[in-house]
Amino acid sequence: MIYERRASPLHATRAAVAGAYCLVLAAAAFATEHPLVLATLLAIVLAAAAAAGVSREVVRAGRFGLAIGLLLALANPFVASANGLTVVARLGDVPILADDITLEAIAYGGVLLLRAVAVVMACALGALCVDPDELLALFRRRSLRSALTAALATRLVPVLQRDARRLADAQRSRPGPGASRTAIVRAVAAGALDRAVDVAATLEVRGYGSAAPLRRAAAPWSRHDLAFAAAAVGIVVLLVGAQVAGAAGFAAYPRLHVEAGLAELGLCAALAAVALAPFLDRRGIDR
């Protein structure tokens, strides 16, 4: 899962705004427990990934979130059932586990499942659509050397992965038993040290650290920057407003209560419209 520049409004947005947009989507999943709102956020992430041309990669990353969510959903009824009142199964006196399985614990496990998938997929969307070099450049005034170290690390990890695959392929093409994984890791580690020496020599030749870095004039905000910044702010305003107004109410314990009226449907529709509106403007996405 590596960033690749593509023709989409999210890729055309500056890293700070695109990162904030994806971060807000992930944080929104933590800010609500209403199943309908969480399902809407998940649908928004999927639609945004499709509009950005990274739906396949985001869905692949979502499998990890699904695995984590399933683990939480299956474990929650056995560890948190004591807080619920609606008993659906009695386990008896089982050490460590709860005595009863309650409907409230099962429902909250489903909430944890939706949340885990939405957060992982939102983070994957950010990793695929936000330029890591530009994002790290934002921290150069705070710590230039730390930003450079992080940039080199993010660039070298995929290179080392490709080296490992090539070494493994070369070993398999030779007659006899193939090399062990330990030998492959040792060869890749030796190559990493050689690359580190080469990078250090290159930085020294280019005079890194001998003078203050040149400051480039900040580029003006584009229409995509403004649109995604407004969308991020709009999502926050909608969720805060719903919290203040008491909409999208959900309570798993002690008795399950889910509000699903016109207010909740309107909130979900507004979230989808605000979050996905910036993708409608596709002018200038190739630059």
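Tabulated results
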quantity	calculated
Selected residue [in contact with a strand residue (DSSP E or B) (Cβ under 9 Å, 6 or more places away or on another chain) and in contact (Cβ under 8 Å) with a residue 12 or more places away in the chain] from Asn76, Asn83	Asn83
Filter pass, Val240 being out of contact with any helix residue (DSSP H, G or I) (no Cβ under 6 Å at 6 or more places or on another chain), of a type outside the set (Gly, Ala, Ser) and part of a helix (DSSP H, G or I)	yes
Residue in region 96-112 that is of a type in the set (Ser, Thr, Tyr) and either in a strand (DSSP E or B) or surrounded by fewer than 18 Cβ atoms within 10 Å (Cβ to Cβ) (or both) present	yes
Scan of region 253-270 for residues that are of a type in the set (A, V, I, L, M, F, W, C) and either within 23 Å of Tyr21 (Cβ to Cβ) or within 26 Å of the chain's Cα centre (by Cα) (or both), ordered by number	Leu265, Leu267, Cys268, Ala269, Ala270
Residue check, Leu265 part of a helix (DSSP H, G or I), surrounded by fewer than 16 Cβ atoms within 10 Å (Cβ to Cβ) and of a type outside the set (Lys, Arg)	yes
Filter result (modelled with pLDDT under 75, surrounded by 11 or more Cβ atoms within 10 Å (Cβ to Cβ) and more than 25 Å from Pro132 (Cα to Cα)) within region 148-182	Gly178, Ala179
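The values are calculated or read from the model by the stated rules, or taken from the named source; none is laboratory data. These numbers come from a predicted model, not from an experiment. Glycine also receives a Cβ, built like all others from the backbone with ideal geometry; neighbour counts cover every protein chain displayed.
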